[in-house]
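Below: one structure, written as structure tokens.
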Amino acid sequence: MTTSAVGEPGIPPMPERTPKALREAIAQHAPKLLPDFDAHWKRYVADAYDISTVPAFMARWWGEYAIARDPQLDAHVTGLEHRAAHECADPAEAKALLEEASNIRHMAARARRAA
């Protein structure tokens, strides 16, 4: 499974790659992420007085939003992680499920904004 194509019906586009634009997109299309986004921003960026943390912050939340904006993809990743944590008796199967979820998260973090 891959991240949704740009312009796919029903899937919001990726915003401009700035903290402000990403926050606005999260607030509009994935509000369940907003409390964690704001808490993370406050703890690691705003109160740190150190802009060197911004790229790592953006990488994490860019990927989180890229998945959350697509309900089917979000449910798939959540399902993989849930199955690995709660339903697998076989460690190899759990590892494979987590690797699939991780691969999806890595692809999502590389999502591009529409031109």
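Please work out which residue is modelled with the lowest pLDDT, limiting yourself to region 1-15 and to residues that are surrounded by 12 or more Cβ atoms within 10 Å (Cβ to Cβ) and not polar (S, T, N, Q).
Ranking the candidates gives 1 first.
Of the numbered conditions (1) basic (Lys, Arg); (2) modelled with pLDDT of 95 or more; (3) over 10 Å from the mean Cα position of the chain (by Cα), residue 112 satisfies every one except a single condition; which is it?
Single failed check for residue 112: (2).
Can you pull out the residues in region 65-113 that are among the aliphatic types (A, V, I, L, M) and not in a helix (DSSP H, G or I)?
Hits for region 65-113 are 89, 111.
Given the conditions (1) in contact (Cβ under 8 Å) with a residue 40 or more places away in the chain; (2) surrounded by 20 or more Cβ atoms within 10 Å (Cβ to Cβ), report the number of the one that residue 29 does not fulfil.
(2)
Within the set of pairs 6 or more residues apart or between chains, which connect a residue that is in a helix (DSSP H, G or I) inside region 42-64 to a residue that is at pLDDT 90 or above and among the basic types (Lys, Arg) with Cβ atoms less than 8 Å apart?
Going by the 8 Å Cβ cut-off, the qualifying pairs are 58/17; 62/17; 63/105.
The values are calculated or read from the model by the stated rules, or taken from the named source; none is laboratory data. Predicted, not measured: the structure shown is a model, and the values here were computed from it. Backbone-built Cβ (ideal geometry, glycine too); neighbour counts: all protein chains shown.
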